[in-house]
Structure formats: structure tokens, C-alpha cells
Amino acid sequence: MRARSTHWGVGDPVITRAPFWRALRWRPPIADEGLGWSIRRTTAFVLDLVIAIYALALVVIMVTGGVDLGVVSLHEAAKPILILAIVIPLRVTLGRRAGVLELARRSVARWLTAVRAVVLDRVPPAVADVAFVWVVTCAATFSIGFVANLLFRPSRVRAFAMPFRYEKFAEIFAAWDSGWYFDIASRGYYFNPNGQSSIPFFPLYPMLMRAVAWPFGGTEQAIWAAGIVVSCLAFALALLAIHRLTQRIVGDREAARRTVLYMAVFPFSLFLTRVYAESVFLLTSVLAVSRAYDGRWSRAGIWGALATLARPNGILIGLPLVLLALGGRPTTRELARRLPPLLLVPLALAAYCAYVFGLSGNPLAWLSAEAHWGYSLGHPPWEQLLKMIGRLVDHGAYGYFFVSAMAPFRLFHGVAALLFLGLTPAIFKRLGVALGAYVLVSLLVPLSSNALEGVGRYAAVLFPAFMLIGGCKSARLHETILIAASLFLALFICLFVTLQPIY
């Protein structure tokens, strides 16, 4: 819009009229603006100076434990923390760049730029995605578990003691079967024909615990710490392997990011960072399938054998490996190259059975020994689900919870089983027969027991189901899954650390 000129008379000067909207830009008088700017700048500088002084004092106290400079004595961190908690929001609200903080900001910005150029730009996207998910979920779940262990009394006496000074924090990583893994790692296996034995717990995880603890003396503290480290590290590596496998199969980084996020917030995923074998089994099973997709059958067989030694149902990993080997109409020569390395999977189970035979005289004693926990297989896989649904119908949604003390826990596992069973047909369709068959068989085996307890934990490692959900692009579904799963994950962590029967 151009300014217009109007001649008011002959000989009159030309008067230029600006657009009317420019007149709406009201500005305060120059003197007031300068005064206000000066006051704000001074206030910002003073606040910057206060923040810098107390931040430096806090660092000195944290590093030295306290110093006495004569005029100034720095021993307690409470006062600097309180002052910083008050002054920093005031400084942020002021919003002016000035003084010490601006200098610090520029220094930090230059440092971050240098770090990004050297390190961050070289980090693969998969590592960045997994690191974010792993750090955030671990920090949240560990914090929730610690607070729950402080506030809530355990429902029963813990069967073992954690040999740490900060035992309230250490206890959030171990309960129920954790004691058996520690006993195997520290003393080895034993067999008791008339009672509970350690042989139902397969050897890979306790062997890793002992191996990691050995350089540190193999003490009780070292073995417990090794169990925590192995679980957390295996979980991170498993998420990385799942991210890459999902991106390869689905072809979408966003789907891979959602997949690892859903696995991390799944309510029963709490066992993946505890002294349990779940994360080691997840890592080995994912790597076995990934190497099969790569056509590296020797490595697929090795990782499959390790998965077999991680859990009693680890032998089931052989099913998707064989189906992948048979895929694509291979020639006889190609089958002769693919199938022999996969024999390592049943051979691994045979090796453990041979060890158990030497210990007990029965190669399948590890299976029959589970009867001392009141656990047995061989039942129809729909039996326990029908019982749960029948009680819900008979007693109503509210009355069901008062049928027995275990009713809520059976409902948790039963709902997880129904959810994964419902996803199985879509897994067959979208991810292939091999992964669909693996999920189906891995659900039917624990469902064929005489109890629903443990089904949710077995479902937590069925990565194809999470790959399927991760491929959904609905924003509403994404928000619903994150909110609901996170809430139940927090609840299950509280149940676990207080020794409620969530196992």
C-alpha cells in the first residue's frame, strides 16, 4: 500500500499520509522506555550475579563437602538450593539477556556445538531413539519403585536380603525369582527331589551374572550388582535390535521409535530391568530372528541356542527360525546351508537336559520340578481364560475382585493374554507366518498351564506384537497406549517392590 500525496492548495507543500494501521503501533515515550529498559537490565544483572554466586557455592559444597574461608563458610547446600529455586524462575520470567548468564549461555552454546559436531552428529538415529526411551523409562520406573518401597510396607517378608548400604533402593530390582538367580550365580545348581530346586531356572542369565561379578571378587554385592547391570544393559541392546529390525521390516523410523517406546512402557516390562532373565532372553531371541532375516544362519543358530538357555520356553525360538529358513522356496542346496546351523537350538536344550540328568537322574527334572510351586503344563490353553471370564460374568465387574486375593492379578495376566491373542491374526497378515507362529505358540504354552500368573511376563518379550502396534499411525491410539500403559506400569512396579504376587 503506497502513501498518497494531496495538494491542499497552490503553493502548499505536499503532505504525505501514511497508512492508518501504522498509527496503531503505539510506543511509550522514549524517556520512559529508556528508564524501564535500564531498570530491567540492572535487575537482570543482579539476579544473574546472585544465581552465579550461589550456583558456584553449591558446586563447591558438592565437590569438597564444605569449606571455611574465614569470612564465608560453605557447609550446607540447603540455602543455595532454596535461593536458586526462587531466583531462577524470577530471572526466567524477566526474559532479558544480560550479564553473567548471557556469558555462560554463550559458553555453553559453543561447548554444545563442539560436542554435537564431534559426537552427536555421529550417533546413529536408532541409538538416539533407544537412548532417549531407555533413559526416560528407567529413570521414571526406578524413581517410582524407590518411592513405593519407602512409603508402602511389603505384603510379606523378603526371602533374601540385599547386601547394600542403600538397600531400600537396591530392593526395587529384586523380588520373587530374583533370589533363585542369585543363588545359582553364587552357589550353582542343586536338586531336591522332595522340594523346590533351582534347576527350573535356565543357566544363561546366572552365568552372565557370575561372569560380570568375577572381576570384582564375586562377592554378594558384586553378583547382585552384576544382575542389575546385565538386565539393564541387555534391555537397552534389545531395544536397539528391535528398532533396527522394525525399521527393516516396516520401513519406517517413526514406527521403530513407537515400537521401542511401547515395549518400554508395557506394564509387564518392569521385569526387563529387574534381576530376571527376561531382558537376556529378549535380546537373544531378537538377534536370532534378525540374523535369520539377514541370511546369516550360523549366527541365527548361535543366538537361538543362547535364547534356549535363557528360559524354559526358549526352545520355541526355533520355530520362526525354521520357518524363515523354509521361506522363499529355497533349493535343496540352500536348505542344506540354512538348516544345519539351526540344530544348535535343540542341541542347547539337550545339553542342559544332560546336565540336569547328571544332577538328578532325570533329564526333564527341570520341568517336573515346577510342580513344587504348584505349576503344571498340559491343560487346554483356553481353560484358565474361560474360568476368568466365567467369574467376571457370574460375579460382575466389581464382585469379581473379591472372589479371591489372586483375582486382580489373574485379571491383569488374562487381559494381557487376550490382547496379544487378538493381535496374532494381524501379525500373521502383516509381519509374516514366522513371526505370527512364534507369537501364537509362545502364548499357547504358558496358557496351557494351570494358572494365569506369569502370562503377562511371557508376553512382554513378544516383540512382533509391539512391532505391529508401532506400525499404527493414529495419534489418538498413540496417546491412549502411552497414558494407559504408563499408569499400569507404575501400579505394577509398586506391586512388585512391595512383594505383591505380580510375577
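List of remarks:
- Which of Thr137, Thr43, Thr498, Thr332 has the fewest Cβ neighbours within 10 Å, and the rest in rising order: Thr332, Thr43, Thr498, Thr137
- Of the residues Leu377, His478, Phe492, the one whose Cα sits farthest towards the positive end of the charge dipole of the chain is His478 (charges of +1 on Lys and Arg Cβ, -1 on Asp and Glu Cβ, taken about the Cα centre).
- C-alpha center-to-center spacing [segment 332-349, segment 382-440] in angstrom: 35 Å
- Given charges at beta-carbon only (K, R positive; D, E negative), |dipole| of segment 126-497 in Debye: 740 debye
- The HN-Hα couplings worked out from phi for segment 376-391 by the Karplus form 6.51 cos²θ - 1.76 cosθ + 1.60 (θ = phi - 60°) are 8, 10, x, 8, x, x, 9, 4, 5, 5, 5, 4, 5, 5, x, 5 Hz, whole numbers, x standing for Gly and Pro.
- The alpha carbon gyration tensor of the chain gives principal lengths a ≥ b ≥ c with a/c of 1.5 or higher and a/b greater than b/c, which makes the shape prolate.
- By average C-beta atoms within 10 angstrom, highest first, the peptides 233-244, 470-481: 233-244, 470-481
- The helix-only estimate of mean residue ellipticity at 222 nm for the chain, built from DSSP H runs of length n ≥ 4 each weighted as -39500 (n - 2.57), is -21500 deg cm²/dmol after division by the residue total.
- Computed over all pairs of different Cα atoms, the Kirkwood value for the hydrodynamic radius of segment 443-484 is 12.1 Å.
- Shown in residue order for segment 241-250 are the 3J(HN,Hα) couplings computed by the Karplus curve 6.51 cos²θ - 1.76 cosθ + 1.60 at θ = phi - 60°: 5, 5, 4, 5, 5, 5, 5, 6, 7, 7 Hz (x for Gly and Pro).
- Distance (nanometres) between label positions extended 7 Å along Cα→Cβ at Val67 and Leu418: 6.5 nm
- Across segment 250-334, Cα-Cα pairs more than 16 Å apart make up 61 percent of the total.
- Hits among lysines - C-alpha to C-alpha of Lys429 under 19 Å, sequence gap 8 or more where chains match: Lys473
- Which of Val289, Ala175, Gly227, positive extreme of dipole for the chain (C-beta unit charges): Val289
- Options Leu447, Leu423, Tyr458, ranked by Cα towards positive dipole end of segment 376-488, top entry (Cβ charges): Leu423
Laboratory data are not the source of any read-out in this text; all were calculated from the coordinates shown. All of these numbers come straight from a predicted model, not from anything done at the bench. Please note: Cβ atoms are built from the backbone with ideal geometry, for glycine as well, and neighbour counts cover all protein chains shown.
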